[in-house]
Amino acid sequence: MEVIIFDIKTAFLHGDLEEQIFMEQPEGFKDKLSHVCLLKKSLYCLKQAPKNWDAKFTSFLKMVNFEPANDNPCIYYDNERNNIIVLHVDNGLMIGRNKATMMKILKELHKEFNITFDSGEDGSFTYSAWK
């Protein structure tokens, strides 16, 4: 089987907030009016960020015909069980029988989440498959 390692850039920023969250302006942006910011996306420092990110990733994988394993929700299988995705926070591992099919799945992930991946023998992360 083929193995490809991938990394999701700014993973927690992809999570959708379910509630309104306000925060003070970041240091360096404060003015005499003391404005607050309404967050539109999740941030790493929020307690709900991991949950929001997991929900977003799982929802997307379901759209491309992957389902989480019953005994471990960080492992996802495609319908035919030819491809497996394992996710740990923002790092992933894809295992499959056909590298071309795996690249197609990674391309879909890249469109949605901006990923880098290990594409070859040298173990380097690259975007080269889509340039």
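Excluding ligands, DNA and RNA, the accessible surface per residue across the chain is 66 Å² with a 1.4 Å probe. Between helix 99-113 and the chain there is an angle of about 10 degrees, using the helix long axis and the longest principal axis of the Cα atoms.
Looking at the stretch 61-124, the GluC sites (Glu not before Pro) that sit in a DSSP loop and have at most 15 other Cβ atoms within 10 Å of their own Cβ are Glu80, Glu121. Here Asn65 and Gln20 are evaluated by their C-beta separation; at R0 = 35 Å the FRET efficiency comes out at 0.55. Surface composition of the chain: carbon and sulfur atoms hold 53% of the protein heavy-atom accessible area at a 1.4 Å probe. Ordering of 23-29, 2-8 by packing is 2-8, 23-29, highest average first (other Cβ atoms within 10 Å, averaged per residue).
With respect to the chain, whose longest principal axis is taken over its alpha-carbon atoms, helix 49-63 is tilted by about 40°.
The values are calculated or read from the model by the stated rules, or taken from the named source; none is laboratory data. These figures come from a predicted structure and were not determined experimentally. As a convention, Cβ positions derive from the backbone with ideal geometry for all residues, glycine included, and neighbour counts pool all protein chains shown. Surface accessibility is based on the protein's heavy atoms, side chains included, excluding ligands, DNA and RNA. Shrake-Rupley method; radii C 1.70, N 1.55, O 1.52, S 1.80 Å.
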